[in-house]
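Following: one structure in structure tokens, then a few remarks.
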Amino acid sequence: MPVSLPPTTAPNAFGAPYVAPIREVAPGSPAERAGVAAGWSLVSVNEAWIPDVLAYRRELGAGRATLLACDPTGEASVSFDVDWEDPGLEFDEVIFDGLRLCANKCEFCYVHQMPRGFRKSLYVMDDDFRTSFLYGSFVTLTNLSDEDVQRVLDERLSPLYVSVHSADEELRAAMMKWLRPKVKDPRSTRIRDMIERLEPIDLYTQVVAQPGRNDGEALDATLAYLVSRPNVLAVAVVPVGLTEHRRNLPDLRGYRRDEAAALVTQVEDWQTRLLGERGSRTVFLSDEFYLVAGLPLPRSEAYEGFEMLENGVGMVRDFLADGLDLETLPAALETPKRVLCATGTLFAPVLREALEPLAAVRGLTLEVRGLVNRTFGATTTVAGLLAGRDLLTQVRPGEADLLLISPSMLKYGTELLLDDRTLSEVSAELGMEVAVGGGDLRELSLVILGGAVGDSTPQFGYSTHAVKEAAGQH
Ligand code: SF4
């Protein structure tokens with residue numbers, strides 16, 4: 001049940017099709033001096049409706065600007081001028097005219113494989129080039145109009161993050177099955193044409209690989225095309241993500257161990273060649289291929305700055321990179337403690353091995369448990385898609401003093417798990433403290449040993465690009 005987000009509207013006497021709800025007004029700012037308050041809405045800047053924060057910044061970037069804002073009833077309004085000044089407005093959202101939804105029905109779409117009953121935001125099929133620019137979410141570009149392309153070029157919305165999947169137009173069409181009535185300009189469905197029209201724009205691209213579909217020779221052809229384009233900075237190859245909720249959907253399967261190993265060899269051959277030719281590997285593999293293949297992860301340098309971390313490319317290596325600080329490990333804890341680290345089944349063996357030295361600390365009972373995903377099905381092995389119910393069904397009340405989970409299990413910036421349970425609720429039900437681990441192995445070890453509780457930035461057990469729930473957007 002994919003859902004859509006309507007434009008933001010509020011009563012206004014100006015006939016504006018959408019407005020920008022104001023969350024905060026800075027004290028002493030031009031907006032506050034004009035009488036604007038939190039809860040009001042921005043109607044226009046320089047007499048133009050404002051569809052998103054990018055347009056807002058563009059108008060202000062011209063120097064002098066006239067802003068029009070109205071109160072929540074739409075009855076009162078004020079107009080005020082700024083001249084190279086920040087008006088002092090903070091908005092609830094970054095998109096005001098409605099999020100652009102996708103015009104596709106990809107055979108591997110994660111939204112179509114979501115069980116029912118989660119918060120609506122998880123079913124939003126965001127394919128908005130503006131959120132791609134602002135947050136780095138991958139978009140297909142098949143819903144762009146000619147004006148949109150021109151806007152990207154005029155405003156230099158660079159870089160963008162683009163799902164390519166295949167540079168063979170027919171194969172891409174077969175995999176993505178665009179919904180013709182939703183495609184505004186048929187030209188936008190041709191990926192080569194689009195990449196070439198966007199030549200001044202840097203692109204990070206991804207290929208969601210399916211066994212026997214767009215890998216093998218088809219992947220070679222896609223990579224050959226992508227690395228030939230000057231504006232393609234990098235290509236991430238990630239495996240198709242499948243849940244067990246695929247009734248009435250095409251019959252797809254994930255990578256077997258031998259297939260994952262073959263794909264690693266294939267892409268590493270590309271990396272060796274490209275590194276020699278241009279000084280950059282350019283093509284990068286998601287961690288999942290190495291873990292499924294049972295192969296050692298590349299060294300940190302091989303990720304060249306971890307540019308595609310959010311896509312599961314190098315997350316595990318990044319997490320492990322600094323290792324444990326063995327010299328500062330205590331011989332014993334002052335108070336004995338039982339700690340349980342819960343993560344996805346894919347990452348659990350890696351984490352277990354990495355934390356092995358902590359077994360020498362007397363008084364610490366530590367277990368790393370790979371939780372079977374009973375929400376999406378056992379084929380879903382990443383930590384980021386575990387829900388509160390998976391914790392409650394696979395951790396026994398009172399069996400530990402501290403349960404540590406991956407920050408990737410929480411909605412960004414909140415304590416909400418995928419099924420809207422909070423950490424406090426899980427803690428109360430299980431009768432133990434529940435917290436998130438640290439941003440890397442060293443921080444996690446400090447949390448385990450009794451230091452500060454980690455924040456909710458990067459993660460142990462990696463997330464996946466599959467559920468795109470960016471801050472403040474969905
Ligand atoms: S995978 Fe993305 S682009 Fe494809 S149908 Fe789903 S939401 Fe749309």
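The values are calculated or read from the model by the stated rules, or taken from the named source; none is laboratory data. This structure is a prediction, so every number in the text was calculated from the model and none was measured. Every residue, glycine as well, gets a Cβ built from its backbone with ideal geometry; the counts of neighbours run over all protein chains shown.
General observations
- In segment 343-398, of all residues being on the phi > 0 side of the Ramachandran plot and in a loop (DSSP other than H, G, I, E, B), the one that is farthest from the chain's Cα centre (by Cα) corresponds to 398.
- Search result, residues across segment 137-156 that are crowded, with 19+ Cβ neighbours inside 10 Å, part of a loop (DSSP other than H, G, I, E, B) and more than 11 Å from the ligand (Cβ to nearest atom): 144
- Filtered residues of segment 157-170 (kept if among the hydrophobic types (A, V, I, L, M, F, W, C), closer than 12 Å to residue 214 by Cβ and within 16 Å of the ligand (Cβ to nearest atom)): 164
- Taken together, the residues in segment 399-426 that are farther than 21 Å from residue 352 by Cα, part of a helix (DSSP H, G or I) and in contact (Cβ under 8 Å) with a residue 12 or more places away in the chain amount to 3.
- Any pair with Cβ under 6 angstrom, 6 or more apart, that starts in segment 49-71 at a residue that is in contact (Cβ under 8 Å) with a residue 60 or more places away in the chain and ends at one that is surrounded by fewer than 18 Cβ atoms within 10 Å (Cβ to Cβ): 70/77
- Checklist (1) touching a residue at least 60 places away in the same chain (Cβ under 8 Å); (2) in a strand (DSSP E or B) applied to residue 74, failing item: (2)
- All helices (runs of 4 or more DSSP H) inside segment 161-272 with 1 or more residues being buried (at least 20 other Cβ atoms within 10 Å of the Cβ) and in contact with a strand residue (DSSP E or B) (Cβ under 8 Å, 6 or more places away or on another chain): 191-197, 216-228
- The combined condition, being assigned by TED's automatic domain parsing to the domain that holds residue 217 and either away from the ligand (no atom under 13 Å from the Cβ) or closer than 18 Å to residue 311 by Cα (or both), is not fulfilled by residue 179.
- If you filter segment 132-153 down to residues that are modelled with pLDDT under 95 and of a type in the set (Ser, Thr, Tyr), you find that the one that is farthest from residue 236 (Cα to Cα) is 135.
- Residues that are within 16 Å of the ligand (Cβ to nearest atom) and among the hydrophobic types (A, V, I, L, M, F, W, C), drawn from segment 113-136: 114, 118, 122, 124, 125, 129
- The set of residues in segment 103-130 that are under 22 Å from residue 155 (Cβ atoms) and modelled with pLDDT under 95 contains only 126.
- In segment 77-110, the qualifying residues are those that are aliphatic (A, V, I, L, M) and in a loop (DSSP other than H, G, I, E, B), and the one that is nearest to the ligand (Cβ to nearest atom) is 103.
- Single match in 215, 168, 193, 202 (criterion: at pLDDT 95 or above and under 19 Å from residue 280 (Cβ atoms)): 202
- Residue match in segment 295-309 (condition: within 22 Å of residue 212 (Cβ to Cβ) and surrounded by 14 or more Cβ atoms within 10 Å (Cβ to Cβ)): yes
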